[in-house]
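Down below is the structure, laid out as structure tokens.
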Amino acid sequence: MATTPEIITLQRTFEDNSLARWLYGEKGAHLKTIERAFNVHIQVRGNEMQITGERFGTELADRTCEQLYGLLKAGYTLYPSDVEYATRIISQNPMANLKDIFLETVFVSSGRKIITPKTINQKIYIDAIRSHDIVFGIGPAGTGKTYLAMAMAISYFMRGEIQRIVLVRPAVEAGEKLGFLPGDMVEKVNPYLRPLYDALYDMLPYDKASRLIQKGVIEVAPLAFMRGRTLNEAFIILDEAQNTTSEQMKMFLTRLGYSSRAVITGDITQIDLPEVKKSGLVEAMELLQGIEGIAFVFFDKQDVVRHPLVQRIIEAYEGKSSRQKGLTQ
């Protein structure tokens with residue numbers, strides 16, 4: 001016999017009216033996000049709030065509002081996307097502390113934009129980069145793997161902890177071969193490196209980034225250009241690592257020199273190598289886990305911090321993949 005869900009109402013009073021209005025959002029937009037996330041109804045009158053719904057969802061919504069208000073008291077500027085991320089975090093881990101995540105400043109960009117982790121796994125990723133010489137960030141697009149690694153690299157450089165930044169990508173894409181593209185080698189590989197330039201210019205003024213590139217302090221290069229080199233006092237990022245071969249991954253990892261650190265990012269569901277080639281990232285996952293000084297951080301669709309539609313698109317493709325596996329078994 002099915003039991004009737006327990007419906008409860010929780011009340012909360014905020015001491016600062018102006019902060020309460022920031023919490024509610026323009027025309028109550030932030031509260032609507034919380035209502036949808038936890039299937040509750042929220043009523044407010046001035047600085048007083050009532051949340052009604054099933055016990056579990058109501059308690060989570062109350063905890064989310066309490067913590068978001070705490071962020072506002074700490075001086076954090078709350079955006080609609082932050083409310084969305086907060087509901088995801090509390091849904092995943094009701095005991096999570098949003099201050100530990102949102103107030104963790106990774107870098108302040110040239111536009112004074114503060115770059116912070118937005119999910120539990122992003123916070124784990126940042127901590128892993130700080131405490132390990134080699135970190136693998138593995139998961140779907142939009143989870144901030146490369147962007148946060150770039151922010152950390154620039155932060156380390158600004159503090160003088162490293163002397164150069166090296167950004168690397170394998171020049172492998174589905175259906176294209178470099179020999180068929182127009183131009184010299186640099187012109188051929190530049191389109192593959194564009195996402196790294198985009199992240200770089202988002203954090204540094206264009207003129208400053210260009211000067212650092214011209215001086216060789218920041219280097220953006222295809223993976224093939226790494227062969228035979230040893231990189232000391234460098235922060236090296238290998239992006240799209242799922243498209244490395246076993247030999248390329250071994251070559252890259254052994255470039256690490258004195259006082260250097262490396263971050264390797266990739267999505268093992270988006271491998272563009274020929275079927276006969278095993279992904280170097282997949283092999284590294286098998287061989288290197290458990291080695292001291294190396295960390296693996298795995299992201300999933302809950303960590304997507306792009307447009308909300310991106311998460312739903314990933315879910316749709318994952319559903320298709322699961323159905324196809326079911327048919328072949």
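Test of understanding: given the chain, find the longest segment containing no GluC sites (Glu not before Pro) that are in a DSSP loop and have at most 16 other Cβ atoms within 10 Å. If you can, show how the numbers build up before the last one.
Values: sites that count: 6, 15, 104, 161, 233, 275, 292.
The longest such stretch corresponds to 16-103.
Could you compute how much accessible surface residue 225 exposes when probed at 1.4 Å, giving the result in Å² to the nearest 10?
That residue has around 100 Å² of solvent-accessible surface.
Tell me the carbon and sulfur percent of the accessible area for the chain, rounded to whole percent, probe radius 1.4 Å. Intermediate results must be reported in sequence, preceding the final value.
Details: 8970 of 17410 Å².
That fraction is 51 percent.
How much accessible surface area, in Å² rounded to 10, belongs to the heavy atoms of residue 210 with a 1.4 Å probe?
20 Å²
Round to the nearest 0.05 the FRET efficiency obtained for residue 55 and residue 15 when R0 = 25 Å and r is the Cβ-Cβ distance. Before the final figure, lay out each step's value.
On the way: r = 26 Å, r/R0 = 1.04.
E(calc), rounded to 0.05, equals 0.45.
Rounded to the nearest 10 Å², what accessible area does residue 314 show when all protein chains are kept and the probe is 1.4 Å?
30 Å²
Size of the dipole of the chain about the Cα centre, Lys and Arg at +1 and Asp and Glu at -1 on the beta carbon, nothing else charged, in debye to 20? Spell out each step's value before the answer.
Details: 39 positive and 39 negative charges, 94 e Å.
Roughly 460 debye for the chain.
Any idea what angle helix 185-203 forms with the longest principal axis of the chain, computed on alpha-carbon atoms, 0 to 90 degrees, nearest 10?
Helix 185-203 and the main axis of the chain meet at about 30 degrees.
I'd like to check one number: the per residue accessible area of the stretch 84-162, probe 1.4 Å, reported in Å² as a whole number.
Numbers: 2870 Å² over 79 residues.
Ligands and nucleic acids excluded, the result is 36 Å² per residue.
For n ≥ 4 DSSP H runs only, could you compute -39500 (n - 2.57) per run for the chain, divide by its residues and tell me the 222 nm figure to the nearest 500? Each step should come with its number before you reach the end.
Working: 12 runs with 147 residues, N = 329.
Result for the chain: -14000 deg cm²/dmol, rounded to the nearest 500.
To check you understand DSSP bridge types, tell me what percent of the beta bridges within the chain (both residues inside) are antiparallel, rounded to 5. Walk me through the numbers on the way to the answer.
Numbers: 16 of 41 bridges.
Percentage antiparallel, nearest 5: 40.
Projected onto the charge dipole of the chain (+1 at Lys/Arg Cβ, -1 at Asp/Glu Cβ, origin at the Cα centre), which of 51, 203, 143 gives the Cα projection farthest towards the positive end?
About the Cα centre, the residue reaching furthest to the positive side is 203.
Which angle between 0 and 90 degrees, to the nearest 10, do you get for helix 145-158 versus the longest principal axis of the chain when only C-alpha atoms count?
Taking the Cα atoms of the chain, the angle to 145-158 is about 70 degrees.
Accessible area, 1.4 Å probe, largest first: how do 30, 132, 41 sort? Before the final figure, lay out the partial values.
Numbers: 30 15, 132 55, 41 100 Å².
The ordering from most to least exposed comes out as 41, 132, 30.
Got a sec? What order do 208, 250 fall in by accessible area at 1.4 Å, biggest, i.e. largest, first? Before the final figure, lay out the partial values.
On the way: 208 75, 250 145 Å².
Result of the area sort, largest leading: 250, 208.
Quick one: ranking 310, 44, 276, 168 by accessible area, 1.4 Å probe, largest first, what do you get?
Largest accessible area first, the list is 276, 44, 310, 168.
The values are calculated or read from the model by the stated rules, or taken from the named source; none is laboratory data. All of these numbers come straight from a predicted model, not from anything done at the bench. Note: ideal-geometry Cβ built from the backbone for every residue, glycine included; neighbour counts use all protein chains shown. The protein model used for the area step is the full one, side chains on, heavy atoms only, and it has no ligands, DNA or RNA in it. Shrake-Rupley method; radii C 1.70, N 1.55, O 1.52, S 1.80 Å.
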